[in-house]
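Participant: Quick one: this structure, given as structure tokens, is what I'll be asking you about.
Where a number appears in this text, it was derived from the coordinates with a stated rule and is not lab data. These figures come from a predicted structure and were not determined experimentally. Note: ideal-geometry Cβ built from the backbone for every residue, glycine included; neighbour counts use all protein chains shown.
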Amino acid sequence: MGNLTERQKFILALIIREYIDSAQPVGSLRLVKRYKLDVSSATVRNEMAVLTEAGYLKQPHTSAGRIPTEEGYRYFVSQLMGQTDLPIEIQRTIQHQFYQAQSDVDQWMRLAASVLAHQAQGASVVTSLHPARARLKHIELIETRGRQVLMVLVLDGGEVRQQVLVLSEPVAQDKLSFVANWLNQVGEGLDAVSLKALHNLENDALKKDIIVLTAEEMSKSDAVLAGEIYHDGLTNVLSEPEFTEPGRARRALRLLEERSFLEDILTHTVLSSKVGGVHVLIGGESTWEDLEDCSVILSRYGVPGVATGAVGVLGPQRMPYAHTISTVRFVSNLLSDLVIETLTDIEEKE
């Protein structure tokens, strides 16, 4: 894919904008008439052929116009679109809605999902805040059978994780309760790294085993999402012509329906990026095949090192990128500001 001329860039941008609006292949004559171009339709057709050869456009039928490819959308987003902001009036309306919710974090999440779905006309996904490091709040150890023990682990923030442990030998319930009570006293508020430090200070074999197993489970929590996931705008996606075929819609909606699928995408995109940055995923980026008909706009919000979450919008590749990206960025930054304000208020009260 060589460098494009200014005219080729202009024509590519026009075709993408036309296709986003109409969902119909775009022909050269239509471009010349609608935009009153000072070149002939034959010249535009030649440029479209060059863009097709370069991989930015494709022709669904022999006699049809052109539509963008994944590479065309990527080039448009990275090179042609530029950064835009939401209109001030829309920003003020959204801010007013959030500040009416006061310090109700759950309401913030639901409102964020609603605003994203409405503004972007796509399906939104919002994950609740996840601590940078899981910290122990409470643990229970329950005898089941033989060497198996059920561990119920409650972390700061309310996340509950259950795991069946297999100990080296059977242990009575009173001994398990004793160890659990001991760990609740000495380990409350500690993260996985700090818990492992306790391991070196203990001589009791059972305590050492439980410390290691608890720390391992907490480390797993560090790497995945926690808490509730909020959705809105499902009907927006299902009404798009790209998803009238049930199989395509079902594949696309895995992002909303399967937590593990969402975790995998977020782990490899925004959860490792800076807060407020926007990640544009077009066609699954040859990694997530179920998203091959989709684009996903994602951003991380919160306070780095303390707690963060993610917001995003799912839609067809034919989405209004400028408006969707600016909406996701604005909501992400607004949520971050609200979280910082809440943490500051808590510190002042303490």
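Participant: Given charges of +1 on the Cβ of Lys and Arg and -1 on the Cβ of Asp and Glu, with all other atoms neutral, how large is the dipole of region 95-159 about its Cα centre, in debye to the nearest 20?
Facilitator: 220
Participant: 7 Å from Cα along Cα→Cβ at both HIS138 and SER239: what's the point-to-point distance in nm?
Facilitator: Between HIS138 and SER239, the simple spin-label model gives 4.5 nm.
Participant: Using only alpha-carbon positions, what ratio does the radius of gyration of region 267-350 give when scaled by 2.2 N^0.38 Å?
Facilitator: 1.26
Participant: While we're here: Suppose R0 equals 30 Å; then what is the FRET efficiency for VAL212 and ASP264 from their Cβ-Cβ distance, rounded to the nearest 0.05?
Facilitator: Efficiency, rounded to the nearest 0.05: 0.65.
Participant: Take every Cα pair under 8 Å in region 1-160 that's 6+ residues apart, average their separations, divide by the length, and report that relative contact order as a whole percent.
Facilitator: 14
Participant: So, one more: Please list 50-61, 286-297 highest first by mean number of surrounding beta-carbon atoms within 10 Å per residue.
Facilitator: Top to bottom by mean Cβ count within 10 Å: 286-297, 50-61.
Participant: Still on this structure, please answer the following. What do you get when you divide the Cα radius of gyration of region 186-314 by 2.2 N^0.38 Å, with N the number of residues?
Facilitator: With N residues counted in region 186-314, Rg over 2.2 N^0.38 Å equals 1.40.
Participant: Counting each DSSP H run of 4 or more residues in the chain as -39500 (n - 2.57), what helix-only mean residue ellipticity at 222 nm follows after dividing by all residues, to the nearest 500 deg cm²/dmol?
Facilitator: -15000 deg cm²/dmol
Participant: Where nothing but the Cβ of Lys and Arg (+1) and of Asp and Glu (-1) is charged, how large is the charge dipole of region 136-222 around its Cα centre, in debye to the nearest 20?
Facilitator: 180
Participant: Just one of [x] 51, 22, 16; [y] 33, 22, 18; [z] 38, 22, 19 is semi-axes √(5λ) of the Cα gyration tensor in Å as worked out from the coordinates here. Which one is it?
Facilitator: Read-out from the structure maps to [x].
Participant: Evaluate the distance, in nm, between pseudo-label points positioned 7 Å from the Cα of GLN8 and of VAL152 along their respective Cα→Cβ axes.
Facilitator: 6.5
Participant: Full-extension gain between ASP106 and ALA205, please, as 0.36 nm times their residue separation minus the C-alpha to C-alpha distance.
Facilitator: Extra length available between ASP106 and ALA205 comes to 31.4 nm.
Participant: If you don't mind, another one. Have a look at ILE11, SER41, THR69 and report the one farthest towards the positive end of the charge dipole of region 6-80, computed about the Cα centre with Cβ charges (Lys/Arg +1, Asp/Glu -1).
Facilitator: SER41
Participant: Volume per residue, Å³, of the convex hull around the alpha-carbon atoms of region 136-222?
Facilitator: Spread over its residues, the Cα hull of region 136-222 gives 80 Å³ apiece.
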